[in-house]
Amino acid sequence: TVYRASTTAPVNIAVIKYWGKRDTSLNLPTNSSLSVTLSQKSLKTHTTASCSSSYTGQDSLLLNGEPEDIQSSKRTQACLQLLRRFRKDVEAKDSSLPKLADMPLKLVSANNFPTAAGLASSAAGFAALVRSIANLYDLPHSPTQLSLIARQGSGSACRSLMGGYVAWRAGSSKDGQDSIAEEVAPVSHWPDMRALILVVSADKKGVPSTAGMQTTVETSTLFNVRAEEIVPKRMAMMEEAIQAKDFPKFAETTMKDSNSFHACCLDSWPPIHYLNDVSRAAMNAVETINRRAGELVAAYTFDAGPNAVIYYEEKNEKLVAGVFRYVLQSVKGWDGEYGGQVPLNDR
Ligand code: DP6
C-alpha cells in the first residue's frame, strides 16, 4: 500500500516584519510579526506526501521537478523528526494503525509561480510540507500547533498555515512552545483588501534572509530599539487597524515598519542593501498616489529583496494601478510587468 495526502499553502507578506532570531537552532524570533495571506489563486505551493513500506532508501523531496538534498537540510530534518514523533504518539494510542512513521517519505512539491521571481517561496513551501505530512499521518493537531513545526523550517512559514491576517507571537519561553502563529482576523473580515506584487527583479541574488538577520542582530545599533520598543507598539497598532479596517492606519504602520526593517539592514555591518532604484521609484509612486488622494490609500512593503508589494483597497484600484502603470513605464530596470494582482477575497 502507498499512503498519500496532498495540500496547498499560500504565500504571506508581512506588514510587521520578522527580522532577527533569539535562538537560531529552534528558529525563535526576537520580535513578533504580522502578515497578510495572499490568495492561493495567484500564489501557492502544492505538495503531495506519500509513504509506503515498499519504498526503499531515505526520505526524498522533488521540488519543481528537481531533487532537493533534504538529508543535509537541518531545518527539513527538524520538521520531519517532529512530525514523526507526533505520528508515533498517535500510533502508540491505537495499535491497529499502520506504522507510517517508520516508512520512508516521498514528497513532491511545486509552486504555481516562478521560484525565481524572488518571492518568498520558503514560507509556502515549508507550510505545505508540514501540512501535507500532518494530513498523511492523520495528526489531530491544530494549525497553531503545526505552526510550531513549520517555524523550524522557516520562520515566516508558520504564518502560512492560516488564512487572512496572521500574527506570529515571538513568545518568551526558552523551548519556543509559546512562539506560535494565530489568526488575528479571517480574510472575510476585510474583503476589500488587495495586494499588488511588482516584480522588480527576478534574480535570486543578494543576502539570504537567514544570514542577513544574523548580521543585523550582531552589528546594528538600531536593532535593539526596533525589537524591544518599536515593534511591540506597532503590533498593537496594526491589530487595532485591522480590527477597525482603518486603512490609513494600516498603511502608515506597514510603510513605517518596512522602512524601519530596511534602515536596520543599512545600519548593519557590512551594510545590507535590499532596495534598489526601482524599489525607490515604487515608494515614490505610492507617495504620489497618497498625495493625490489626500489620504493614505496605498502602502508599500519590501522583504529581503527589491520587489514591492503594494496593499490597497478595491475601491482605489483604478488610482493605484493607473499610477503604477504611468510612473513605472519610464523607470529603467523595470520590466513593465505586474507580478500578479492578488485579490484576497477570492477563495
Ligand atoms: C524579510 O522566514 O525567510 O521576509 O526563518 O531564517 O527562514 P528564516 O527566515 P525567513 O525570513 C523572512 C524575513 C522577511 C520578513 C517576514 O517575512 O516577516
note = Residue span L62 to Q81: 0.36 nm per residue of separation minus Cα-Cα distance leaves a gain in nm of 5.0 nm
inquiry  = Apply the Karplus curve 6.51 cos²θ - 1.76 cosθ + 1.60, θ = phi - 60°, to the phi angles in the stretch 156-171 and return the couplings in whole Hz, x for Gly and Pro.
reply    = 5, 5, 5, 8, 9, 8, 10, x, x, 9, 10, 9, 9, 7, 4, x
query = Given H placed on each backbone N at 1.01 Å, which residues far from V15 in sequence or on other chains put an amide H within less than 5 Å of it?
reply = L34, S35, V36
remark   = Helix 231-244: inclination vs the chain longest Cα principal axis, degrees, rounded to 10, gives 80
message = Less than 9 Å Cβ to Cβ from S53, Lys/Arg counted +1 and Asp/Glu -1: what total charge do the surrounding residues give?
response = 0
message = Is there a quick way to get the dipole size of the stretch 135-243? I mean about its Cα centre, with the Cβ of Lys and Arg at +1 and of Asp and Glu at -1; what is the value in debye to the nearest 20?
response = 320
query = For the stretch 27-93, with the dipole built from +1 on Lys and Arg beta-carbon atoms and -1 on Asp and Glu ones, taken about the Cα centre, which of L83, H46, S72 lies farthest toward the positive end?
reply = L83
inquiry  = If amide hydrogens are placed 1.01 Å from N in the peptide plane, which non-local residues have theirs closer than 5 Å to the one on K21?
reply    = T30
request  = Could you run the Karplus curve 6.51 cos²θ - 1.76 cosθ + 1.60 with θ = phi - 60° over the stretch 44-61 and give me ³J(HN,Hα) per residue in whole Hz, x for Gly and Pro?
outcome  = 7, 10, 10, 10, 10, 10, 9, 8, 6, 6, 7, 6, 10, x, 8, 4, 9, 9
request  = Report the extension gain between D23 and A92 in nm, rounded to one decimal, defined as 0.36 nm multiplied by the number of residues separating them, less their alpha carbon distance.
outcome  = 21.7 nm
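For S172 and D102, what is the calculated FRET efficiency with R₀ set at 51 Å and r taken between the beta-carbons, to the nearest 0.05?
Values: r = 36 Å, r/R0 = 0.71.
The formula returns an efficiency of 0.90 here.
Please list, by residue number, every one of the GluC sites (Glu not before Pro) in the stretch 175-253 that is coil in DSSP and has at most 15 other beta-carbon atoms within 10 Å.
none
Expressed in nm to one decimal, what extension gain is obtained for the pair K318 and E287 from 0.36 nm per residue of sequence separation less their Cα-Cα distance?
On the way: separation 31, 0.36 × 31 = 11.16 nm, distance 1.58 nm.
Taking 0.36 nm per residue and subtracting the Cα distance, the gain is 9.6 nm.
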inquiry  = Quick check: the distance between the Cα centres of the stretch 264-330 and the stretch 119-145, to the nearest angstrom?
reply    = 31
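For the chain, take N as its residue count and report Rg(C-alpha) divided by 2.2 N^0.38 Å. Before the final figure, lay out each step's value.
On the way: Rg = 20.4 Å, N = 347, 2.2 N^0.38 = 20.3 Å.
For the chain, the normalised Cα radius of gyration comes out at 1.00.
For a quick check of your reading of the filter: which trypsin sites (Lys or Arg not before Pro) in the stretch 196-248 sit in a DSSP loop and have no more than 14 other Cβ atoms within 10 Å? Intermediate results must be reported in sequence, preceding the final value.
Values: sites: K204, K205, R226, K233, R234, K245; in loops: K204, K205, K245.
Counting only loop positions with at most 14 other Cβ atoms within 10 Å, the trypsin sites (Lys or Arg not before Pro) in the stretch 196-248 are K204, K205.
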message = Can you classify the stretch 1-73 as rounded, prolate or oblate using the Cα gyration tensor, where a ≥ b ≥ c are the square roots of its eigenvalues, rounded means a/c under 1.5, and otherwise it's prolate if a/b beats b/c and oblate if not?
response = oblate
ask   = Between A236 and A263, how many nm apart are label points set 7 Å from Cα along the C-beta direction?
value = 2.0
query = Taking square-rooted eigenvalues a ≥ b ≥ c of the alpha carbon gyration tensor, is the stretch 234-319 rounded, prolate or oblate, where a/c under 1.5 means rounded and, failing that, a/b exceeding b/c means prolate?
reply = oblate
remark   = For the chain the mean separation of alpha carbon contacts under 8 Å (6+ apart) over residue count, i.e. relative contact order in percent, is 21
remark   = Amide H contacts under 5 Å for V184, restricted to residues at least 5 apart in sequence or on another chain and with H modeled in the peptide plane, are Y165, V166, A167
query = From a point 7 Å beyond the Cα of E295 in the direction of its Cβ, which residues of the stretch 231-248 have a backbone N at a distance under 20 Å?
reply = 237-248
ask   = Tilt of helix 277-293 relative to the longest C-alpha principal axis of the chain, in degrees (0 to 90, nearest 10)?
value = 60
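Bear in mind these aren't lab numbers, they're just calculated from the coordinates by the rules spelled out. Since the model is a prediction, treat every value here as computed from it, not as a measurement. No Cβ is skipped: glycine too gets one built from the backbone with ideal geometry, and neighbour counts run over all protein chains shown.
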